[in-house]
1. Taking the highest mean first, how do the peptides 230-236, 118-124 order by number of other beta carbon atoms within 10 angstrom per residue?
2. Sort 302-310, 207-215, 194-202 by packing, meaning the average of other beta carbons within 10 Å per residue, with the highest value first.
3. Using a 10 Å cut-off around each Cβ, can you sort Thr135, Thr290, Thr177, Thr395 from fewest to most neighbouring Cβ atoms?
4. Can you sort Val268, Val154 from fewest to most other Cβ atoms within 10 Å of each residue's own Cβ?
5. On full extension of the chain, what length is gained from Val279 through Phe225, given 0.36 nm per residue of separation minus the C-alpha to C-alpha distance?
Amino acid sequence: MKTSNYERITFLVLFGAVLMASTDAARPARLPNLVLRSHTSSIIETEEVVNSLHTFRNNDSLSKALCIGPGGASLLSEDMIERIQITGYFALWYALNVVYNIVNKKILNVIPAPLSVGGLQFGIGALYVTLLWVTGLRPVPKLNEKGKKICSEVGFYHMTGQLLSMISLGAGPVSFTHIVKALEPFFSALVSAFVFRKWMKPQVYATLIPVVGGVGYACMKEQGFSWLAFTCAMGSNVAFALRAVISKTAMVGDIGEGLSSVNIFGLVTWAAFLLSIPVAVLGERNSFFTLWSKAVSGENASSNGPDLAKALIVSGLFHYLNNEVMYLALSKVHPVTLAVGNTMKRVFIMVASVLVFKNPVSLQAGIGSAIGISGVLFYSLTKQYYEQLEMIAKTE
């Protein structure tokens, strides 16, 4: 597998992501209502990320880079600086997602062992956040017994959802998987209603009709249709829906110390990694090492060891940092803005995958995808609108 075409952009994005994510606030804050979120099905309330610009105002080189004049006077307005930050966060978030999905698919094409690859990606993310804790860049979290139980439970659903996504991505085109995964809000609504007895307004449920209809229409007679990819993507939707709803209901109250939202995500990643080890061993045994050996040696070798290892490390870091940068963006924008951004992110991933892998997409799939993804956006906006009305009614 050749990665040279992506090395420059990959490591530039990686550097930016590490730089932004590692400067997270070094203080614990109130717990968010929802800790985990990678889709528009729920709202996360995170702590405000401390603006580190004032820390560097007296540094001449950084001042020039940040357009800050001598004496601490800003050459740009605070509003302009914040807009630049937000633009940077969203650009980095999109880049992380696009590159991750492309690199991840390339790895799975060479090493079709999704359980092992997914487990290793969890491990890389876990090691990265551990490095932040050890070096003092982020406070070390401490969980009580309740917190350990909750993180383990959320980690299980996080692991299940991601590994099922990996199987789906390995079995079919990236674009097809993301078409099916657009249904996650539908499953979140079902889990919230039937498992936790939390019902929404009928108007909100009505917006799910174009989501289900659009995705169903897109999948009918799709050239890249695979029952394995479809089933696993649907299973991933259920797991991520359970993860989101359980996080929202359980991650409240006293569960430990030093628990910012990104720290809790780090702990959940560790739980997912540890839980994924027996799953990978039982599901694939030693096939990962056999496939690796075939990929890097022999006459039919499709890659070399260093390139493949580099791609695996990058995919693991990008998968983890995607969530870190998302939290940074959340601290700066309204949830509605994030809902729009998250919808557009899925479009970017689908378009990029089609361009890179040359997978044909029929007109029917394109129309169905547009309807489904537009429905997701409409659902998010409608849901948040009625949630705001409920909050206003409670305060009156």
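1. Values: 230-236: 21.0, 118-124: 24.9.
Put in order of decreasing packing, that is 118-124, 230-236.
2. Values: 302-310: 15.1, 207-215: 19.3, 194-202: 12.0.
Highest-to-lowest ranking by the protection proxy: 207-215, 302-310, 194-202.
3. Working: Thr135 9, Thr290 13, Thr177 29, Thr395 6.
Going from sparsest to densest Cβ surroundings: Thr395, Thr135, Thr290, Thr177.
4. Details: Val268 28, Val154 25.
The fewest-first ordering by Cβ neighbours comes to Val154, Val268.
5. On the way: separation 54, 0.36 × 54 = 19.44 nm, distance 2.63 nm.
Computed gain between Val279 and Phe225 is 16.8 nm.
Values quoted throughout were computed directly from the atomic coordinates according to the rules given, and no laboratory measurement underlies them. Note that the coordinates shown come from a computational prediction; the quantities given were computed from them, not determined experimentally. Every residue, glycine among them, receives a Cβ derived from its backbone with ideal geometry; neighbour counts consider all protein chains shown.
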